[in-house]
Amino acid sequence: MATLVHSIPSISFLSSLTLQPLKIKTHKKSLSTSRSEPIKTLTCTTSKPNNKSPTMDGRKPTSKKTRKSSYGTSRRSVLKKTFIQEQVTFTSQLSSDPHVGIIGGGMAGLLCALSLEKRGVKSTVFDTGIHGLGGRMGTRVIDPQPLIFDHAAQFFTVSDPRFSELVDDWLDKGLVRQWQGIIGELEVGGQFLPFPSSTPRYISVNGMRSLADSILSQTCMVDVVRPCWISKLEPFNGMWHLSENGKPCGQFDIIVIAHNGKCANRLLASSGLPLIARQMKTLGLSSIWALLAAFEDPLPIPTGATPFEGAFVKGVDSLSWMGNNSAKLLGSKTNSPHCWTFFSTAAYGKRNKVPQENIPTATAEKVKTGMLEGVEAALGLPKDSLQRPFYSRVQLWGAALPTNTPGIPCIFDPQGRAGICGDWLLGSNLESAALSGMALANHIADYLRSGGARPEEFALGLNKEFQTLEGHDIGQFSGLESSTGASPVQAYQLST
C-alpha cells in the first residue's frame, strides 16, 4: 500500500457566498425526528486570490474568541445544529485527478476505497482503530498465551452474487474459510437445536480483523491513516478540508462518511450538509454488551446436547449469543484455554448503557456478573456453579445495530459532494456493509465521470424515509434456519 501525496490544483480563493432557501421534504412524524428548520444554501464562487487568509464568508479572520463546544454535546443541541445549518453547494470544477476522503475503516469504508481504485479513483481512509482496521470486525489478542477473541462480528453468510464473487476471491487468497463448527439455538435450561449445514458460514482465518487488514493490502491508490479521529469538515475553495483537533489531515474533492453513531452526528452537526446529517440522525441504534472470557476447562454441555461452537440464546435477558473462539479459530482439538465471546440482548444493553469510552468499574462488574449468570441459565447450570474465567473483559458497543433503515445501498449529496455508506442502509450484516461501500464507490465514480455538470441527476437517498428493521436487537443472517424448519433466524452480525 503506497502513501500518496495529493497535488492541489491551482484554484482561486473564495470571495462571495449567496444564501437562498432550499426546500426539502420532511420525514413523517412517526420517525421521531425534530421539527425541521429552514435550510439555506451556501453557494461558493471563486475570484482572484487574496494573500490574506479569508474565512468562509471571504472576510479576514478576527481575533474574537469563540466558545468551543464540549465533548458531551447533548443530542438536542446537536439535532438543533443539524437542522439550522446552511447547505454547502460546490460550483467549482472537479479536479482532473480527484481524491476521495473516507472517514471510517470498517467493511463499508474499506470496500468503498477498494472499489474506487478499480474505477481509477484514489482515496484516503481515516480510521480510529489503534490495533488495526475493521471497525466492528474486531479481534482482540491477549498475550502471552495468547488468547484470541472475535469481539464483534462472529461470522457471515452470502446471498448476493456481487458479494459472493468477492468472498470467492478471499477464499482463493486464503483470507477466509468456511466455519464447519456446529451452531444453533440454545433455549434457556440447556435445550440445543442445531442449524442444518446447508448454508455456508464464513470466518476470517486469523480472526475478523485480519480480513479487514488484508482487504487493502494489494492496493496502490489507497492511503490509510490511523489512529485518526476526524473532528471537523470544512468546505473551502472548492474542496473539503479535514482536520483532527485542529491538525490538518488533507483536502478532498469528495468525502464519504462510513461510520455512524454520536461521533458521526457530532461531525455532521455543523458540516454544511444538513440533508445528509438529517438522514444520519434518523438512524436508530441499539447498544450491546460484549463479554470476553477465557476458561481453563471446557464449558459443560447440557446432557444429551450436541457439542456446539456457537449458539443464539433464547429466553435469557442478559444473553443472546455465545461463541467459542478457540474452537472456531484454532480447532476443537486445541489444548489452549477456551476463549468465549458472549453478547447481551439489546434490552439489557439499553438498561445498563453508560459512556462506552469510560465504563465505571461498578458497571463493568455488574454486567460481567449478570452475563455469566445468563450463561449458567442458558446451559441449565445451578447458580454459581460455572467455573470462573481466569481472564475477562467487558466492552459496550454503544452503536451496535440499527433499529431502522432506508433500504437503499447508499446516500449521496452531489451539491455538497458527500456520501454515506454502511450496513444500516440495507440491513445489518457484513454483506450489507460491503454492498453499500461498493455501491457508493461506483456512484461517486459515475458522478466524477460526468464532471459534475448535472448534479441533480446524482442525488440519492437524501429524502428516503426509514422503515423499522425487524429483529433489530440481534442483527441479520441470510439462509440460517433452525432444525425445526422455522423462518430464517435473525442472528448476531455486528458490522459497519
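The values are calculated or read from the model by the stated rules, or taken from the named source; none is laboratory data. The shown structure was predicted, so the numbers you read here are calculated from the model rather than taken from an experiment. Counting neighbours? That spans all protein chains shown, and the Cβs are built from the backbone with ideal geometry, glycine included. The area values use the complete protein model at the heavy-atom level, side chains included, leaving out ligands, DNA and RNA. Shrake-Rupley method; radii C 1.70, N 1.55, O 1.52, S 1.80 Å.
Quick look at the numbers
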quantity	calculated
Selection status of V354, of a type in the set (A, V, I, L, M), out of contact with any Lys or Arg (no Cβ under 8 Å at 6 or more places or on another chain) and assigned to a helix (DSSP H, G or I)	no
Lone qualifier among L171, L175, L211 - being within 27 Å of M322 (Cα to Cα), surrounded by fewer than 17 Cβ atoms within 10 Å (Cβ to Cβ) and under 25 Å from the mean Cα position of the chain (by Cα)	L171
Subset of the stretch 378-400 [surrounded by fewer than 19 Cβ atoms within 10 Å (Cβ to Cβ), aliphatic (A, V, I, L, M) and out of contact with any helix residue (DSSP H, G or I) (no Cβ under 7 Å at 6 or more places or on another chain)]	L381
Count - residues of the stretch 116-151 that are under 14 Å from I103 (Cβ atoms) and among the polar types (S, T, N, Q)	3
Selected residue (criterion: least open to solvent (accessible area, probe 1.4 Å)) from residues of the stretch 75-97 that are over 18 Å from E234 (Cβ atoms) and at pLDDT 90 or above	L94
The listed residue being open to solvent by 10 Å² or more (accessible area, probe 1.4 Å), closer than 16 Å to R140 by Cα and part of a helix (DSSP H, G or I), out of A327, A347	A327
Filter result (among the hydrophobic types (A, V, I, L, M, F, W, C) and part of a loop (DSSP other than H, G, I, E, B)) within the stretch 300-320	I301, A305, F308, V316, L319
Yes/no for P355 being free of Cβ contacts under 8 Å to residues at least 60 places away in the same chain, closer than 30 Å to T468 by Cβ and either open to solvent by 10 Å² or more (accessible area, probe 1.4 Å) or of a type in the set (V, I, T) (or both)	yes
Leading residue by the ranking (most open to solvent (accessible area, probe 1.4 Å)) among those in the stretch 256-275 that are closer than 19 Å to F90 by Cβ and over 16 Å from the mean Cα position of the chain (by Cα)	S270
Among (1) farther than 24 Å from F156 by Cβ; (2) surrounded by 14 or more Cβ atoms within 10 Å (Cβ to Cβ); (3) in contact (Cβ under 8 Å) with a residue 24 or more places away in the chain; (4) of a type outside the set (G, A, S) - the single one L319 does not satisfy	(1)
Of residues in the stretch 357-399 being outside any helix (DSSP H, G or I), within 27 Å of G129 (Cβ to Cβ) and of a type in the set (S, T, N, Q), the one modelled with the highest pLDDT	S392
Selection within the stretch 117-159 - aliphatic (A, V, I, L, M), modelled with pLDDT of 95 or more and buried (at least 24 other Cβ atoms within 10 Å of the Cβ)	V125
Contacts under 9 angstrom Cβ, first residue in the stretch 167-180 being touching a residue at least 40 places away in the same chain (Cβ under 8 Å), partner open to solvent by less than 60 Å² (accessible area, probe 1.4 Å) and part of a helix (DSSP H, G or I), 6 or more apart	W170/L211; W170/S214; W170/I215; K173/S214; W179/K328
Tally, over the stretch 414-435, of residues that are open to solvent by 10 Å² or more (accessible area, probe 1.4 Å), within 24 Å of R449 (Cβ to Cβ) and among the hydrophobic types (A, V, I, L, M, F, W, C)	1
Selection status of S432, touching a Pro at 6+ places or on another chain (Cβ under 6 Å) and more than 22 Å from H338 (Cβ to Cβ)	no
Close pairs from the stretch 223-234: first among the aromatic types (F, W, Y), partner surrounded by fewer than 19 Cβ atoms within 10 Å (Cβ to Cβ), Cβ under 8 Å, at least 6 apart	W229/T128; W229/E244; W229/N245; W229/C263
